[in-house]
1. Would you grab the residues whose amide H sits under 5 Å from the one on Thr27? Only those 5+ places off in sequence or on another chain, please, with H modelled 1.01 Å from N.
2. Counting Lys and Arg as +1 and Asp and Glu as -1, each charge on the Cβ, what is the dipole of the range 41-120 about the Cα centre in debye, to the nearest 20?
3. Once you sort the root eigenvalues of the Cα gyration tensor of the range 32-75 as a ≥ b ≥ c, which label holds: rounded (a/c under 1.5), prolate (a/b larger than b/c) or oblate (the other case)?
4. Could you give the alpha-carbon Rg of the chain over 2.2 N^0.38 Å, rounded to two decimals?
5. Taking θ = phi - 60°, what integer Hz values does the Karplus form 6.51 cos²θ - 1.76 cosθ + 1.60 yield along the range 116-133, in sequence order, with x for Gly and Pro?
6. How big is the dipole moment of the range 31-74 about its Cα centre under a simple scheme where the beta carbon of each Lys and Arg is +1, that of each Asp and Glu is -1, and everything else is neutral? Debye, nearest 20, please.
7. Tell me, what ³J(HN,Hα) does each residue in the range 28-40 have, in order and in whole Hz, if you take phi through Karplus 6.51 cos²θ - 1.76 cosθ + 1.60 with θ = phi - 60° and put x for Gly and Pro?
8. Hey, got the dipole for the chain? About the Cα centre, +1 on K and R Cβ, -1 on D and E Cβ, debye to the nearest 20?
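FYI, it's all coordinate maths here, none of it is from the lab. Everything numeric in this text was worked out from a predicted model, so none of it was measured. Cβ: placed from backbone, ideal geometry, glycine included. Neighbour counts: every protein chain shown.
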Amino acid sequence: MNSSPSILTERFQDALLLAARWHAPQTRKGSGVPYLSHLLGVASLALEFGADEDEAIAALLHDALEDGPHNTGRTHADLRGEIVSRFGEGVARLVDAATDATPDPQGAKPDWATRKRTYLEHLPQAAVSGLLVSAADKLYNARTILVDLLGEGEAVFSRFTAGKAGTLQYYRLLADRYRRAAERPEVAARPRLLALFAELERTVAALEREVGVSEAEVRAYPALA
């Protein structure tokens, strides 16, 4: 993957249409907004913070393997195979890395805490391109939570499986893991990626200030201890 942005081609347009089709019936949790808004937002952030075309395509498709089987009635293997055939194994691996859990044939996933602990554990060692797609996703979500928190108050946390404490702790620990990843030379070599991490840190800190808790308090919550 290139370390600098590239011109978007018909591959990106193809990915955009595919994302729209695979997520057509899906809406954002608690808002009824078409889920495609999230995918477009994540791809936009990825591009703003230095994504090349493969990284931008992966940003559009980052939830395909998690939500696609339910939305389309197709298997995880079938959807991944289509990503490989259309965009290559490199894009498929980025989508793999962005997926915190794929449902089993019955649609079940591991519990929330297990999924998030596993994701956090591997994040500091993730490939550079995977970190960009991941952080763009998390920044988009954190900004959305902050906007809704400012407009609706703490009732916004009722939308989330882990409630206020678990949600705040997860985003604080994500920011911590990205900071740790930034110590790697190959990550530090991408200044726009570091800027993305810094923007996530600022957004998470704003969430904590709005709720009236400190970083230390959030880290000590039991949800992901």
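1. Tyr35
2. So the dipole magnitude of the range 41-120 works out to roughly 320 debye.
3. On the way: a/c = 4.26, a/b = 1.65, b/c = 2.58.
In terms of gyration-tensor shape, oblate.
4. Details: Rg = 16.9 Å, N = 225, 2.2 N^0.38 = 17.2 Å.
In units of the 2.2 N^0.38 Å rule of thumb, it is 0.98.
5. 6, 4, 4, 4, 5, 4, 8, 4, x, 9, 5, 4, 4, 4, x, 5, 5, 4
6. Dipole about the Cα centre, nearest 20: 260 debye.
7. 5, 4, x, 10, x, 6, x, 5, 4, 4, 5, 5, 5
8. Details: 26 positive and 31 negative charges, 68 e Å.
That gives the chain a dipole magnitude of about 320 debye.
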